[in-house]
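Below is one structure, written out as structure tokens; comments come after it.
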Amino acid sequence: MGFMANIKGNMALKAHNKGDLAKARELYEEAIAGGLLSARPMLGYAILLIRAGEYEKAMELLKKTQKAPDLTPERRSQLFVDYAACLAKTGELRKGVKLLARQHDRQPTGLTYETLGYLYVEYLLPENKPVADEYTEITAEEGEELPEGEMTVEQKQAFLDARWQAEIAQAKALLDASVDYDDESAVSLDNMGQFLYRVLGDVEGAKVWFEKAHAEKPEQVDSLWFLSRYDLAAGDTAAAIEKLETALQGRMSPLNFANREMIEAELARLRGI
């Protein structure tokens, strides 16, 4: 790594931390072109790219970052979290879940608990449940056994259903462990709420978890969104609007359920009622 590349990488981090994203990006690019191979600035640039929606570019950068000599165990966890998020955003959600689950098994951290919990929710939505037909290819994964001979469509569906239920059980175990690991993590509390609400359809059971998450972090975007659903169900449109207005001021990430456009559209709808 060139001396100037290292300097520019550090300068990019400083600009990034100050919120000067255009300058940070320029310096990150110059540092990378100069041979930068340092995990801290490279991970910083990856986050910038992810927030800009440039997932493919971020993934290529993260692959290079694996060779950085200063890739500590904590930074390696960050790398896997970011790579899994990119996979999820580029249509390979199950691959992202499996990748991050392996890393989490090796080194569980608060960040892997939070990110993996959310990815499980997105992956296990009822509309994502696989449906077999005669063209569906079934490949056994670790711990699975396939019946001998060619499988019928019914056998394929039964196999996929059993796998799906096993994955729901894995997700629930992970979410339980995440709130045991840190019962003050607003993200983990919200993940549990979303799992009950969106995956299992337990709307009433989810409410207490959203309330717990909101108590820990009143500005958390997704918790505010879902709590506004309860306000609307109770006929309190004003309370729902207030929560959504607060959500608009919160920090959003690519792994939020509710994005800015979605919240603004809902506010416009509610104000027009």
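With Cα atoms as the point set, the stretch 99-208 shows a radius of gyration and Dmax of 16.0, 51 Å. Look at the alpha carbon pairs under 8 Å that are at least 6 residues apart: their mean separation over the length of the chain gives a relative contact order of 11 percent. Shape class of the chain from the Cα gyration tensor (axes a ≥ b ≥ c, square roots of the eigenvalues): oblate, since a/c reaches 1.5 or more and a/b does not exceed b/c.
What value, in deg cm²/dmol to 500, does the helix sum -39500 (n - 2.57) over DSSP H runs of n ≥ 4 give at 222 nm once divided by the residues of the chain?
One gets -22000 deg cm²/dmol as the mean residue ellipticity at 222 nm.
Span-like helix criteria (full DSSP H runs; alpha carbon extent of at least 30 Å along the helix axis; mean Kyte-Doolittle hydropathy of at least -1.0) are satisfied in the chain by 153-181.
Positive contributions from Lys and Arg (+1) and negative ones from Asp and Glu (-1), summed over other residues with Cβ under 13 Å from the Cβ of V221, come out at -3. Between the listed residues I263, L48, L196, the Cα displaced farthest toward the positive end of the dipole of the chain, a dipole computed from Cβ unit charges relative to the Cα centre, is found at L48.
Largest first, the extents of the alpha carbon coordinates of the stretch 1-118 on the three principal axes equal 38, 27, 23 Å.
Residues considered: T152, T115, T65. Largest GNM mean-square fluctuation over the chain, using C-alpha springs under 10 Å, is found at T152. Each Lys or Arg adds one and each Asp or Glu takes one away; over the other residues whose Cβ falls under 13 Å from the Cβ of A31, this sums to +3.
Note on the chain: GNM, Cα springs under 10 Å; of A101, A173, A46, the largest mean-square fluctuation is that of A173. The mean sequence separation of alpha-carbon pairs under 8 Å and at least six residues apart, normalised by the residue count of the stretch 1-68, gives a relative contact order of 32 percent. Entry note, the stretch 118-234: relative contact order of 22 percent, from Cα contacts under 8 Å with a spacing of 6+ residues.
Across the options A84, P69, G110, the greatest Cα extent toward the positive end of the charge dipole of the stretch 67-115 (unit charges at beta carbon of Lys, Arg, Asp, Glu) belongs to A84.
Each value in this text was obtained by applying a stated rule to the coordinates, not by laboratory testing. Remember, it's a predicted structure, so these values are computed and weren't measured experimentally. As a convention, Cβ positions derive from the backbone with ideal geometry for all residues, glycine included, and neighbour counts pool all protein chains shown.
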